[in-house]
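Structure first, commentary second.
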């Protein structure tokens, strides 16, 4: 298009010179040629104007992006492939399986400080980006949207001031590396900031990270959640910049913890067993109340909501897990939230990689057969 415009303008300039030297002999022929050139130039200019206007009117709508995210699943955060691709549990075929099951996106759990191993200048190792690129490429090739979730909360939250430089430098590197990715790739600033993140400190970190991201990704949809493990209770203390509307707010939900985390060795419920979830009116109403509170905040602040994590640990009985997961997913969908189950494999699993099969009851609780 631009080559045609350049040629047209050059021809027009030559015609102007010829006409100046010999006006009587060139007037008739040039009238037709000028008309043709004028049409070419105006067509090119018009196409350029339309393209520019289209770009201006197609700024991402975070509500529309959130609806496209739909149903998702967390993947590869704890997979050994980050250290050695040859030892990876997750393979190319799993992206296709996720899409075929009816999921719309994957939340890729990144650990830039653990796996990127930044040097003194904050540069992340090449192997980290190779694995990241593989995961993004495979996701997009299989029709899955992608959330690049900065999941290194365990490295940062115990000492936020001491890790701030590395946190911001690694975000600068990731943002620069991914700046040419399509809008189907989203960034999530930090998973579950806690416990040493006060709301004020988290606000500072969040704003500085967002400023860095916007330098190279001005139109990227970014996800951010409240301090204190992205809990719904922290929404009232989450302050977002008014001049950046291209944001989606995330919350996580594991209430009641004595059920969802019973037997989990990293929690205070490691000795808890036998807690059922029966979908009683009282149990389902408790979830609805919590979600109504989050939705009231979202409506007031005009921000879309993403339920980035929920699930029930494998030690709970399967019928209870199915009832709980189904209830949470449907309550989120009633409010037009997108969601991502925790997680594909490892624990809280929806897919058994070792035996190459879905945990069908969990998969069907998340995505009923009738909606695939």
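Taken together, the values in this text are just the output of simple stated rules run on the coordinates, not laboratory data. Just so you know, these numbers come straight off a predicted model, no measurement behind them. Cβ coordinates were reconstructed from backbone atoms using ideal geometry, including for glycine residues, and neighbour counts include every protein chain displayed.
When each of 266, 297, 339 is scored by the number of other beta-carbon atoms lying within 10 Å, the sequence from fewest to most is 266, 297, 339.
Given R0 = 41 Å, the distance between the Cβ atoms of residue 279 and residue 176 translates into a calculated FRET efficiency of 0.30. The spacing between region 212-276 and region 131-206, judged by their C-alpha centroids, is 13 Å. Taking a ≥ b ≥ c as the square roots of the eigenvalues of the Cα gyration tensor, region 152-309 is prolate, since a/c reaches 1.5 or more and a/b is larger than b/c.
Shape class for region 294-372: prolate, because the ratio a/c of the largest to smallest gyration tensor axis (alpha-carbon atoms, square roots of eigenvalues) is 1.5 or more and a/b beats b/c. Each of 337, 82 was scored by other Cβ atoms within 10 Å of its Cβ. Arranged with the fewest first, they read 82, 337. Neighbour counts of C-beta atoms inside 10 Å place 324, 150 in the sequence 150, 324, starting with the fewest. A full extension of the chain between residue 96 and residue 123 corresponds to an added length of 6.5 nm, given 0.36 nm per residue minus the alpha carbon distance. The simple spin-label model puts a point 7 Å past each Cα toward its Cβ; for residue 168 and residue 211 those points are separated by 0.7 nm.
For region 277-320 versus region 56-114, the inter-centroid distance based on Cα atoms is 22 Å. How would you classify region 62-371 from its alpha-carbon gyration tensor, with a ≥ b ≥ c the square roots of the eigenvalues: rounded for a/c under 1.5, else prolate if a/b is greater than b/c, otherwise oblate? Cα axes put region 62-371 in the rounded bin. Annotation: extensible slack from residue 361 through residue 196 equals 55.6 nm (criterion: 0.36 nm per residue apart, minus Cα-Cα distance).
With contacts taken as Cα pairs under 8 Å at a separation of at least 6 residues, region 62-371 carries a relative contact order of 18 percent. Based on the reciprocal of the average 1/r between different C-alpha atoms, the Kirkwood radius for region 62-199 equals 15.6 Å.
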